[in-house]
Amino acid sequence: MRGTKTLRRTFIKSALVLATGMATLVSPYALAKDYPEKEELKFGFIKLTDMAPLAVAYEKGFFEDEGLYVTLEAQANWKVLLDRVIDGQLDGAHMLAGQPLGATIGFGTKADIITAFSMDLNGNAITVSNDIWEQMKPHVPMQADGKPVHPIKADSLKPVVDKYKAEGKPFNMGMVFPVSTHNYELRYWLAAGGINPGYYAPEKGDTSGKIKADALLSVTPPPQMPSTMEAGTIYGYCVGEPWNQQAVFKGIGVPVITDYEIWKNNPEKVFGVSKQWAEKYPITHKAVVKALIRAAAWLDENNNANRPEAVKILSKPNYVGADYEVIANSMTGTFEYEKGDKREVPDFNVFFRYNATYPYYSDAIWYLTQMRRWGQISEQKPDSWYMDIAKQVYRPDIYATAAKELIKEGKLKAADFPDFATESGFKPAQVDFIDGLTYDGTTPNAYIDQFKIGLKGNEKP
């Protein structure tokens, strides 16, 4: 395999050099300007199924088609991953959508990180232990066949949390990182059910996020979620796949809700690079985005026909390393809740359709509203500030350049993408949230003001 890749690499490189040399007979810049400034790249990822575009771009040769020779390396946790992008050990990485934003505004590590590619929509779930599920069940509406009515709201968890609180017991739950989608989704679900997940107060030196909390959320790396819950350290968690389905397979927990049911087609991961790296290697960056777009399209094409092959790739130990059956449970359009309760969820993982790969400003602003809601942004900001940060971090201009080249090359069609001539970067107002609220990215403060639980205006915890 490696020998074949080396021969392919030599051939592509020779062809590009030859083509560039021939082009200089007409114009010295005709093709040379499109040759990547850096071809040897190392990208990081966490062992989750939504790293799939990276694995597919590597395995299907899309990186090499762009003259890029990539090494993919699993990272221990999200902090290590971000730090290694910042210090240059990694050229880029599969990142939590909140990481480039959190770094840019200085929550945690301060650094200028950008993204020109959104890796997927949906893909997460909230799982509780068997014991907590048994305590929740009396409060969960049931269908005629005895199975729960979905979506299951946190209203059914609230009596359990109240009981623990009355007995003086902390109700501990896990999420993967303070600026992760998982943290905000878990908080959103809990708060919609009347459970306060607590506030951050970084200006007071408090980054625990547990001020005034009914449920105490802490960080656990994704692959460790099931074992941490099995040990009783946490009673539930929000994580990406395959670590919810793993709990089902191990018989230790029940996924009660997917993030698709919390916020339909929510943005999840992004591909992040440092701003300095992007400015130093613009052609390389564009080439990376092109390869990732092709990988995402491959993952969704023909109504997910390629997903079984993708699952085989992801099950390799150097990628996700979970059993094929565990990964396939969600990646192939189904999701298993309580053992034996498998339901059709065709959009559990979306990689390309619905313009999933486009870096919308409104997606960035939603994350920022949640950072303000829970105190990670310690004071009120004007609407214009949210837009300014979104434009610093999210780079649809780079995405559009990459996409237009793919269209010109005949690899994808214009209809596969937003209309770049008219696209504003803002999705229409979104209403598919579990609490029924409407999100309009152009009015972030008005959105924040709608929440019953959460900071608003000049409030501090």
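The values are calculated or read from the model by the stated rules, or taken from the named source; none is laboratory data. Given the structure is predicted, the values throughout are model-derived calculations rather than measurements. Methodologically, a virtual Cβ is constructed for each residue, glycine included, from the backbone with ideal geometry; neighbour enumeration extends over all protein chains shown. The protein model used for the area step is the full one, side chains on, heavy atoms only, and it has no ligands, DNA or RNA in it. Shrake-Rupley method; radii C 1.70, N 1.55, O 1.52, S 1.80 Å.
Is it the case that the stretch 381-395 has a residue that's outside any helix (DSSP H, G or I) and surrounded by fewer than 20 Cβ atoms within 10 Å (Cβ to Cβ)? Checked the stretch 381-395: at least one residue is outside any helix (DSSP H, G or I) and surrounded by fewer than 20 Cβ atoms within 10 Å (Cβ to Cβ). For the structure I just gave you, tell me whether Asp131 is acidic (Asp, Glu), under 26 Å from Val326 (Cα atoms) and open to solvent by 10 Å² or more (accessible area, probe 1.4 Å). Answer is yes for this residue. Candidates Phe352, Phe348: the one that is touching a residue at least 24 places away in the same chain (Cβ under 8 Å) and over 30 Å from Thr422 (Cβ atoms) is Phe348.
Among the residues of the stretch 362-380, those identified as crowded, with 21+ Cβ neighbours inside 10 Å and either among the aromatic types (Phe, Trp, Tyr) or assigned to a loop (DSSP other than H, G, I, E, B) (or both) are Trp366, Tyr367, Trp374, Gly375, Gln376, Ile377. Of the listed requirements (1) of a type outside the set (Gly, Ala, Ser); (2) crowded, with 24+ Cβ neighbours inside 10 Å; (3) touching a Leu at 6+ places or on another chain (Cβ under 9 Å); (4) within 18 Å of Ala154 (Cα to Cα), Pro242 misses just one: (4). Contact annotation: residue pairs with Cβ atoms under 6 Å, 6 or more positions apart or on different chains, pairing a residue in the stretch 400-424 that is under 17 Å from Ala116 (Cα atoms) with a partner that is in a loop (DSSP other than H, G, I, E, B) and hydrophobic (A, V, I, L, M, F, W, C), are Ala400/Phe420; Ala403/Phe417; Leu406/Leu412.
Among (1) open to solvent by less than 40 Å² (accessible area, probe 1.4 Å); (2) outside any strand (DSSP E or B); (3) modelled with pLDDT of 55 or more, there is one condition Lys79 misses while meeting the rest; what is its number? Exception for Lys79: condition (1). Looking at the stretch 204-237 only, could you name the residues that are among the hydroxyl-bearing types (Ser, Thr, Tyr) and in a loop (DSSP other than H, G, I, E, B)? The answer is Thr220, Thr233, Tyr235. In the set (1) open to solvent by 10 Å² or more (accessible area, probe 1.4 Å); (2) modelled with pLDDT of 95 or more; (3) closer than 17 Å to Pro255 by Cβ, the condition left unmet by Trp189 is number (1).
Per the listing Phe177, Phe171, the residue uniquely open to solvent by 10 Å² or more (accessible area, probe 1.4 Å) and among the aromatic types (Phe, Trp, Tyr) is Phe177. Of the residues examined, Tyr29 is one that is modelled with pLDDT under 95 and either under 18 Å from Lys312 (Cα atoms) or not small (Gly, Ala, Ser) (or both).
Criterion applied to Thr401, Thr422, Thr332 was being open to solvent by 20 Å² or more (accessible area, probe 1.4 Å) and modelled with pLDDT under 95, and the one residue passing it is Thr332. Has the stretch 297-308 got any residue that is outside any strand (DSSP E or B), modelled with pLDDT of 95 or more and within 28 Å of Gly88 (Cα to Cα)? No, every residue in the stretch 297-308 fails to be outside any strand (DSSP E or B), modelled with pLDDT of 95 or more and within 28 Å of Gly88 (Cα to Cα). Against the numbered list (1) open to solvent by 10 Å² or more (accessible area, probe 1.4 Å); (2) assigned to a helix (DSSP H, G or I); (3) in contact with a helix residue (DSSP H, G or I) (Cβ under 9 Å, 6 or more places away or on another chain); (4) modelled with pLDDT of 95 or more, Val70 comes up short only at (2).
For the stretch 335-349, the criterion of being surrounded by 22 or more Cβ atoms within 10 Å (Cβ to Cβ), modelled with pLDDT of 95 or more and within 17 Å of Trp298 (Cβ to Cβ) is satisfied by at least one residue. Take Val160 and decide whether it is outside any loop (DSSP other than H, G, I, E, B) and open to solvent by less than 10 Å² (accessible area, probe 1.4 Å). Against the criterion (outside any loop (DSSP other than H, G, I, E, B) and open to solvent by less than 10 Å² (accessible area, probe 1.4 Å)), Val160 qualifies. Looking across the stretch 425-461, the residues that are on the phi > 0 side of the Ramachandran plot and in contact (Cβ under 8 Å) with a residue 12 or more places away in the chain come down to Gly425, Gly454, Gly457.
Among the residues of the stretch 348-405, those that are of a type in the set (Val, Ile, Thr) and farther than 20 Å from Pro53 by Cβ comprise Ile365, Thr369, Ile377, Ile389.
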